[in-house]
Amino acid sequence: MNQQNALLYAHKNYYPQALRFVRDHIVKIIPEKSPMFKWLCVIGFKIAAKNKHTLRTSMKIDIPVVEHCNLSCKCCTAFGPLAKEYFLDVASYRKDMERLAMLTNNRLESVCFTGGEPLLHPRLLEMFDIARAFFPVAELSFMTNGVLLVKMEKNFWEHCRKNKVCIGLSRYPIKLDMDRLRKTAELYKVRLDYVGGSKTPIKAMWKYPLDLAGKQPLSRSFNICNQVNSCIRMKEGKIYPCNTIACIEHFNRFFGKNLEVTKDDSIEIRNVTSIHEIYAFLIKPKPFCKYCNRAGIQLGIPWGVSKKEITEWV
Ligand code: SF4
Ligand code: SF4
């Protein structure tokens, strides 16, 4: 698959087809904040969930290389504004990639480096090399808010080209010299575009409220969850089914809460004997889903800097 398709593929996983249609087209005629838009989104989630709750036949993975961010967006679903500085240890990452390569016979659909803001990791290029060495034909990409991208030097762009790494930009209402970025990417033959494509609208924030009392029926949350079988995170030997579980420690620490993550909310890649165990794990509701009020989603929240108030997440 070429780089263009690889980036489109990455988009497909972040925004299932029905949901992308809503975002890219319906949003032009129905305000994102309206009840109608929300209703359409929940329908989109349900349609997408039907496809997504089937066993995978190949694996994709997101790697959070940092969890803090240089852009503190309100309602960030990865809790970036609340996260302490964290840099994924390269030796631990290499071990995890090696194990995943053994389980998959060196075949992954895609690896997406994510965060927080992945460009904050000083050894990101080394991680590209490792991913490409273990997975010669996987689609590699990373997601960025773009702030640091304009400062990247020749060596960075050459590494992206050498490893066929695509760049997906989240389109926030911040100043970015897109002409310059596009020209540089073209010069180095690196695929770069907004996540969702060049015509994607400026991003408004969506809030998926947490239920601090943990009273949500597991299946109801899980069955409309757009992260299921899609936002699969691997970190320090564990695979998580979603960002929420993988990053909730930041929310808990910052606000002094204890939304409990149990051993059944993730799976240890060293303990599985085949990749099919991971596929089966990914399609089952998790104990943590009781904290996720997915039906209470709030859409069309204008982008802004987080005030780090709990109401942004509950
Ligand atoms: S750029 Fe992304 S990761 Fe960073 S704070 Fe904003 S939403 Fe979160
Ligand atoms: S905890 Fe469950 S419902 Fe919440 S994001 Fe994760 S998989 Fe989805």
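The values are calculated or read from the model by the stated rules, or taken from the named source; none is laboratory data. Source: prediction; values computed, not measured. Here the Cβ positions follow ideal geometry from the backbone for every residue, glycine too, while neighbour counts run over all protein chains shown. Keep in mind that these areas ignore ligands, DNA and RNA; they rest on the heavy atoms of the full protein, side chains included. Shrake-Rupley method; radii C 1.70, N 1.55, O 1.52, S 1.80 Å.
Worth a mention:
- If you go through segment 212-226 and keep only what is open to solvent by 30 Å² or more (accessible area, probe 1.4 Å), within 18 Å of Cys75 (Cβ to Cβ) and in contact with a helix residue (DSSP H, G or I) (Cβ under 6 Å, 6 or more places away or on another chain), you end up with nothing.
- Once segment 279-300 is narrowed to residues that are at pLDDT below 95 and of a type in the set (A, V, I, L, M), the residue that is farthest from ligand 1 (Cβ to nearest atom) is Ile283.
- The sole residue among Ile267, Ile275 that is more than 13 Å from Gly214 (Cβ to Cβ) and in contact with a strand residue (DSSP E or B) (Cβ under 6 Å, 6 or more places away or on another chain) is Ile267.
- So Arg132, is it out of contact with any Cys (no Cβ under 6 Å at 6 or more places or on another chain) and within 28 Å of Lys199 (Cα to Cα): no
- Pairs, first without any contact (Cβ under 8 Å) to a residue 40 or more places away in the chain in segment 267-291, second more than 9 Å from ligand 2 (Cβ to nearest atom), C-beta under 7 Å, six or more apart: Ile267/Lys238; Ile267/Ile239; Ile267/Ile278; Ile267/Phe281; Glu268/Gly237; Glu268/Lys238
- Single residue of Leu88, Leu82, Leu71 found to be of a type outside the set (Gly, Ala, Ser), within 16 Å of ligand 1 (Cβ to nearest atom) and touching a Gly at 6+ places or on another chain (Cβ under 9 Å): Leu71
- Pick from segment 265-314, criterion loosely packed, with under 13 Cβ neighbours inside 10 Å and assigned to a strand (DSSP E or B), ranking: nearest to ligand 2 (Cβ to nearest atom): Glu268
- A residue that is more than 25 Å from Lys199 (Cβ to Cβ), part of a helix (DSSP H, G or I) and open to solvent by 40 Å² or more (accessible area, probe 1.4 Å) occurs somewhere in segment 162-182.
Yes or no, residue by residue, for (1) outside any helix (DSSP H, G or I); (2) within 16 Å of ligand 2 (Cβ to nearest atom); (3) under 24 Å from Gly237 (Cβ atoms):
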residue	(1), (2), (3)
Ile43	no, no, no
Lys46	no, yes, no
Ala49	no, yes, no
Thr77	yes, yes, yes
Ala91	no, no, yes
Met97	no, no, yes
Asn106	yes, no, yes
Leu119	no, no, no
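- Spans of strands (runs of 3 or more DSSP E) in segment 186-252 with at least 1 residues within 14 Å of ligand 1 (Cβ to nearest atom): 192-194, 205-207, 233-235
- Scan of segment 61-81 for residues that are crowded, with 19+ Cβ neighbours inside 10 Å and either over 17 Å from the mean Cα position of the chain (by Cα) or farther than 23 Å from Arg294 by Cα (or both), ordered by number: Ile63, Val65, Val66, His68, Cys69, Leu71
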